[in-house]
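A short worksheet on the structure shown next.
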Amino acid sequence: MECELVPSVCSYCGTGCGVLFEVIDKELAGTLPMKTHPVNEGKLCIKGWNLHEHINSPLRLKQPLVRSFGRFLKTGWDEAIAIAARRFREIIDQYGPESVGVLVSAKITNEENYLAMKLARAVLGTNSVDHCARL
Amino acid sequence: MKARVRRWLEEGTVDVFIGYRQVDGHPLPYCFTRENLDALDGLINSPARYALEKIATHLASRQPDLKIGILSLDTNRRALNVLGIWNQINPENITTVDADDAASGVATPDDMRTFEPVVPGPYKQQVGIDNAMSPADAEAFDQSERFSRWMYEFEKCIKCYGCRNICPVCFCRECSLEHRDLIGTGPLPPDVPIFHLVRAVHMAGRCIDCGLCEEACPADISLRLLYRKVNQILDNVFEYQTGSDPGQPPFSLLGNQVTLEPKPLDADK
Ligand code: SF4
Ligand code: SF4
Ligand code: SF4
């Protein structure tokens, strides 16, 4: 029997509470609040308490979907990224870079948000970057 | 102490030992095993308490014959007593080490020895219930003030279920706090005071006064005090001290003894 308590950060909102994942025999069996974490001091909201349920859910999206004729089709990352890049190219060529924008999220890290901003400004050429917390 | 745990693991007295270890600068629960004996050098006692026995029940539910050692404080032992009499764990498979024992040789990291006691803010003092009160203090208010003070506390609830999730002796498969006809999951704000009173009633015979629920409550509700009152009633009315003895029967409202004379089966003849 292998049991590990793995410290991590809740991915559900920008608060960033410290959690402990209870991993038994490589399976995520539970989530606990980290008592000494400076952000949450041993407390969590209901989303944080149920992180393991989300991760183990059969409904969890594990690969990209591409919409084709109104239906979502499962595909690989390379293809999904290629399709997105092609559409960006077409739209920017036709209407200019200001016609696209990027929405970032509190569920990703600061660093990932920074990279998304870089992609928007330096690659796509738009200043329209917004955040899910303002929607 | 570390040597003792090492010997236990080597000799098979225990298959896994649940204690604490400093990980990434935080004292965290840690499962020591035979395969990684060197990790034992890092065994510490943590000032931040976790319900180690709850982790043990999760392990035991997957592998019922697993022999588990637990670094224990008084509260852990009381919880283990309750878990044992409710068949959540087999006491024969559990070995405890006293974390309070100064001779145990398990260090508490100095910089974290105690947490600052939380002083309630002025508003809570004025209209709520100070978590540090005794049941008698809280009952000294007249009835309407007592009611409004408790309701102030309960109304802060965000229904995170943290009090139930962290509780070492909450193990029911179907929880009344999720039962559609009582409270139900989802809608906010929660029904108060029903949510808290249902839980309080259900803690009769379970709650071992560890205080973990109150520590986990994001709304700083004086939960421990509420359950202390329940325990006081249990003690005064039923003479039942939850978790005090591994041999005690599970708490039953009907009592443990038949007080009526058993009627002979052929009484009518
Ligand atoms: S536990 Fe709740 S408040 Fe904390 S980061 Fe997760 S979602 Fe946000
Ligand atoms: S004090 Fe709270 S967490 Fe501890 S046993 Fe009682 S109800 Fe459970
Ligand atoms: S921990 Fe506090 S806020 Fe969360 S459900 Fe329990 S009483 Fe409500």
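Okay, residues lined up against (1) within 26 Å of B:Pro187 (Cα to Cα); (2) touching a strand residue (DSSP E or B) at 6+ places or on another chain (Cβ under 8 Å):
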residue: A:Glu2; (1), (2): no, yes
residue: A:Val6; (1), (2): no, yes
residue: A:Thr36; (1), (2): no, yes
residue: A:Lys47; (1), (2): yes, no
residue: A:Asn56; (1), (2): yes, yes
residue: A:Ser68; (1), (2): no, no
residue: A:Gly76; (1), (2): no, no
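Return the only residue of A:Arg67, A:Arg60 being more than 14 Å from chain B (Cβ to nearest Cβ) and not in a loop (DSSP other than H, G, I, E, B). Show your work before the answer.
Details: A:Arg60 fails: not in a loop (DSSP other than H, G, I, E, B).
Being more than 14 Å from chain B (Cβ to nearest Cβ) and not in a loop (DSSP other than H, G, I, E, B) holds for just one of A:Arg67, A:Arg60, which is A:Arg67.
Here is a check on your reading of the model: is B:Ile68 surrounded by fewer than 23 Cβ atoms within 10 Å (Cβ to Cβ) and either at pLDDT below 90 or hydrophobic (A, V, I, L, M, F, W, C) (or both)?
Here the answer is no, as B:Ile68 does not meet what is asked.
Sort out for me the helices (runs of 4 or more DSSP H) sitting completely within the stretch B:107-220 that have 3 or more residues that are within 11 Å of ligand 3 (Cβ to nearest atom).
Values: elements: B:122-127, B:135-139, B:143-155, B:162-166, B:194-202, B:212-216.
Answer list for the stretch B:107-220: B:143-155, B:162-166, B:194-202, B:212-216.
Any idea which of (1) modelled with pLDDT under 90; (2) surrounded by fewer than 18 Cβ atoms within 10 Å (Cβ to Cβ) is the one B:Asn45 doesn't satisfy?
It fails just one condition, (2).
Taking A:Lys43, is it basic (Lys, Arg), assigned to a loop (DSSP other than H, G, I, E, B) and either within 21 Å of the chain's Cα centre (by Cα) or more than 25 Å from A:Leu124 (Cβ to Cβ) (or both)? Give the derivation first.
On the way: basic (Lys, Arg): yes; assigned to a loop (DSSP other than H, G, I, E, B): yes; either within 21 Å of the chain's Cα centre (by Cα) or more than 25 Å from A:Leu124 (Cβ to Cβ) (or both): yes.
Yes, satisfied.
Within the stretch A:11-21, how many residues are more than 9 Å from chain B (Cβ to nearest Cβ), surrounded by 15 or more Cβ atoms within 10 Å (Cβ to Cβ) and either hydroxyl-bearing (Ser, Thr, Tyr) or touching a Ser or Thr at 6+ places or on another chain (Cβ under 8 Å) (or both)?
The total comes to 4.
Could you go through the stretch B:233-254 and let me know if any residue there is within 19 Å of A:Lys43 (Cα to Cα), assigned to a loop (DSSP other than H, G, I, E, B) and touching a residue at least 60 places away in the same chain (Cβ under 8 Å).
No, the stretch B:233-254 contains no residue that is within 19 Å of A:Lys43 (Cα to Cα), assigned to a loop (DSSP other than H, G, I, E, B) and touching a residue at least 60 places away in the same chain (Cβ under 8 Å).
Give A:Ala133, A:Ala80, A:Ala106 a once-over and let me know the one that is touching a residue at least 60 places away in the same chain (Cβ under 8 Å), outside the structural domain of A:Val9 (by TED's automatic domain parsing) and touching a strand residue (DSSP E or B) at 6+ places or on another chain (Cβ under 9 Å).
When all the criteria are applied, what remains is A:Ala106.
Name the strands (runs of 3 or more DSSP E) wholly inside the stretch B:1-98 in which the number of residues that are within 14 Å of chain A (Cβ to nearest Cβ) is 3 or more. Steps first, please.
Working: elements: B:16-23, B:26-33, B:68-72, B:94-98.
Fully inside the stretch B:1-98 and qualifying: B:16-23, B:26-33, B:68-72.
May I ask you to list pairs of residues, at least six apart or on different chains, whose Cβ atoms are under 6 Å apart, with the first in the stretch A:55-67 being exposed (fewer than 10 other Cβ atoms within 10 Å of the Cβ) and the second being not in a loop (DSSP other than H, G, I, E, B)?
From residues that are exposed (fewer than 10 other Cβ atoms within 10 Å of the Cβ), the pairs are A:Gln63/A:Lys74.
Residues B:Cys157, B:Cys207, B:Cys213: which one is at pLDDT 90 or above, closer than 21 Å to B:Asp130 by Cα and within 16 Å of ligand 1 (Cβ to nearest atom)? It would help to see each step written out before you state the result.
On the way: B:Cys207 fails: within 16 Å of ligand 1 (Cβ to nearest atom); B:Cys213 fails: within 16 Å of ligand 1 (Cβ to nearest atom).
Within the list B:Cys157, B:Cys207, B:Cys213, the selection yields B:Cys157.
In the stretch A:18-39, what residues are touching a helix residue (DSSP H, G or I) at 6+ places or on another chain (Cβ under 8 Å) and over 17 Å from B:Ile55 (Cα atoms)?
A:Thr36 - this is the single residue of the stretch A:18-39 that is touching a helix residue (DSSP H, G or I) at 6+ places or on another chain (Cβ under 8 Å) and over 17 Å from B:Ile55 (Cα atoms).
Restricting attention to the stretch B:183-198, does a residue exist that is of a type in the set (Ser, Thr, Tyr) and in contact (Cβ under 8 Å) with a residue 12 or more places away in the chain?
Let us first name the residues in the stretch B:183-198 that are of a type in the set (Ser, Thr, Tyr), namely B:185.
Filter once more, keeping what is in contact (Cβ under 8 Å) with a residue 12 or more places away in the chain: none.
So far as the stretch B:183-198 goes, no, none of its residues is of a type in the set (Ser, Thr, Tyr) and in contact (Cβ under 8 Å) with a residue 12 or more places away in the chain.
Sort out which residues of the stretch A:1-23 are among the aliphatic types (A, V, I, L, M), over 17 Å from B:Gly25 (Cβ atoms) and at pLDDT below 95, and write them in order of number. Before you say what the answer is, go through the steps one by one.
Here is the first cut: in the stretch A:1-23, the ones among the aliphatic types (A, V, I, L, M) are A:1, A:5-6, A:9, A:19-20, A:23.
Next, only the ones that are over 17 Å from B:Gly25 (Cβ atoms) stay: A:1, A:23.
A:Met1 - this is the single residue of the stretch A:1-23 that is among the aliphatic types (A, V, I, L, M), over 17 Å from B:Gly25 (Cβ atoms) and at pLDDT below 95.
Tally the residues that are at pLDDT 90 or above and β-branched (Val, Ile, Thr), restricting the search to the stretch B:160-204.
Here the count works out to 5.
The values are calculated or read from the model by the stated rules, or taken from the named source; none is laboratory data. Values in this document were obtained by computation on a predicted structure and should not be read as measured data. Cβ sites come from the backbone with ideal geometry, for glycine too, and all protein chains shown count toward neighbours.
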